[in-house]
Amino acid sequence: TGPAIKSLFSNFFSEVVGTFALVFGILYAAGAQIAGPLPVGLLIVAIGMSLGGTTGYAINPARDLGPRIAHAILPIRAKGSSNWGYAWVPVVAPLCGGALAALLYLALNSN
């Protein structure tokens with residue numbers, strides 16, 4: 001993934017918000033026993049359509065890091081940069097967004 005406009009703060013914030021929405025939505029869907037492939041898939045589409053234009057919506061560290069590592073080590077003729085200066089954003093931001101979503105979910109649902 002790569003940002004449409006490179007602004008590390010804005011890109012980081014966008015990824016945190018996207019992952020927060022995904023994890024929080026999945027947790028509430030699971031709590032209401034409506035989680036399944038269709039609701040989760042529709043949630044991902046909604047996040048992609050609303051937030052995906054800014055950063056390509058990694059919202060999952062493995063979705064960005066694995067292909068970036070493969071791009072870096074595979075011998076592809078005339079390939080561009082793997083953009084390692086930006087690589088931390090789609091890895092760290094989803095971890096922060098997921099943790100914040102889980103903490104808020106637990107805070108709202110603790111008896």
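The values are calculated or read from the model by the stated rules, or taken from the named source; none is laboratory data. Predicted, not measured: the structure shown is a model, and the values here were computed from it. Reconstructed Cβ throughout: ideal geometry from the backbone, glycine too, with neighbour counts over all protein chains shown. Protein only, heavy atoms only, side chains kept; ligands, DNA and RNA dropped before computing areas. Shrake-Rupley method; radii C 1.70, N 1.55, O 1.52, S 1.80 Å.
Here are a few things to note about the model shown:
- Residue in segment 8-16 that is open to solvent by less than 50 Å² (accessible area, probe 1.4 Å), assigned to a helix (DSSP H, G or I) and hydrophobic (A, V, I, L, M, F, W, C) present: yes
- Restricting VAL23, VAL45, VAL91 to residues that are outside any loop (DSSP other than H, G, I, E, B) and touching an Asp or Glu at 6+ places or on another chain (Cβ under 8 Å) narrows the list to VAL91.
- Applying the condition of being modelled with pLDDT of 90 or more and of a type in the set (Phe, Trp, Tyr) to segment 17-65 and asking which residue is most open to solvent (accessible area, probe 1.4 Å) yields TYR28.
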